[in-house]
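*Asks:* One structure, as structure tokens, below. Some questions next.
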């Protein structure tokens with residue numbers, strides 16, 4: 001493709017993504033989406049699409065953080081051609097890419113630019129990027145410093161995100177001020193852009209001492225939710241029900257804040273660590289649990 005043709009393609013892609021996002025109103029059933037991180041680094045992406053579709057998943061969260069290894073197509077100059085082929089495969093099978101997850105943090109220029117471009121090419125509505133949680137080797141514990149550093153990092157990418165039609169999402173993670181979902185929500189308020197929101201990770205919150213109902217104190221609803229479980233003392237990424245999180249509390253809180261997004265699963269460790277021949281059974285159980293959660297969300 002010529003440079004002009006690529007620009008036209010990206011512009012049309014951006015328009016399509018925004019239109020699709022806007023069309024998903026509160027009356028639409030949330031899709032059950034899983035991260036591709038249920039498979040190891042380099043597991044063929046086309047095979048992942050086919051396998052997840054066969055099992056019954058309705059959307060895919062592309063874990064770009066698992067495509068940073070040497071020789072990865074995501075690191076090649078023609079990585080967008082790879083993205084186009086994956087989108088064509090997903091469209092043919094009928095299970096779209098709805099989300100993507102960037103490697104590193106929001107200040108990692110190389111990965112952020114590639115991830116935004118890749119999310120757009122895949123047709124993903126949202127790109128999750130971890131917030132910056134360290135400066136000069138020190139964890140940021142001051143909430144206002146955290147917000148200032150991350151607002152600057154995100155604002156750098158908003159023009160490209162808007163041009164490509166991708167909404168950037170920060171999420172609560174595990175260190176310093178990044179632990180508190182209320183601080184992440186305050187970051188969203190500070191940036192104040194329709195192309196920036198937040199993703200509530202229920203597992204991260206729980207192992208950092210926050211109940212799922214913390215989202216009722218955030219003042220702005222999340223645009224996505226990472227659903228996983230743990231026992232409160234580590235980020236285990238378990239199937240819901242295999243840890244100690246009260247998912248009835250999560251469902252009640254999501255309803256209270258008017259969440260209408262997808263049921264996005266980041267419960268990948270059990271599948272990732274299992275022999276390949278055991279994965280279908282694990283992923284089928286994860287899907288069954290997610291369907292029950294989705295029914296309660298409705």
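Since every read-out is calculated from the coordinates, none of them should be taken as a lab result. On a predicted model such as this, the values are computed, not experimentally measured, just so you know. Every residue, glycine among them, receives a Cβ derived from its backbone with ideal geometry; neighbour counts consider all protein chains shown.
*Asks:* Show that you can apply the helix-only estimate: for the chain, add -39,500 (n - 2.57) for every DSSP H stretch of four or more residues, divide by all residues, and state [θ] at 222 nm to the nearest 500.
*Replies:* When only DSSP H runs of four or more count, the value is -14500 deg cm²/dmol.
*Asks:* If you don't mind, another one. Could you check what % of the DSSP bridge pairs in the chain are antiparallel, to the nearest 5?
*Replies:* On the way: 3 of 29 bridges.
Bridges in the chain are about 10 percent antiparallel.
*Asks:* Have a look at 71, 243, 176 and tell me which one the Gaussian network model of the chain (Cα, springs below 10 Å) gives the largest fluctuation.
*Replies:* Top of the fluctuation ranking is 71.
*Asks:* Sort 112-122, 263-273 for me by packing, meaning the mean count of neighbouring Cβ atoms within 10 Å per residue, highest on top.
*Replies:* 112-122, 263-273
*Asks:* Take every Cα-Cα distance within the chain, group them into 10 Å bins from 0 onward, and report for each bin the whole-number percent of pairs it holds.
*Replies:* 6, 29, 38, 23, 4, 0
*Asks:* How would the stretch 74-211 be classified by its alpha-carbon gyration tensor: rounded, prolate or oblate, with rounded meaning a/c under 1.5 and the a/b versus b/c comparison settling the rest?
*Replies:* On the way: a/c = 2.05, a/b = 1.74, b/c = 1.18.
Because a/c hits 1.5 or more and a/b exceeds b/c, the stretch 74-211 counts as prolate.
*Asks:* For the stretch 179-226 and the stretch 76-108, what is the centre-to-centre distance using only Cα atoms, to the nearest Å?
*Replies:* 25 Å
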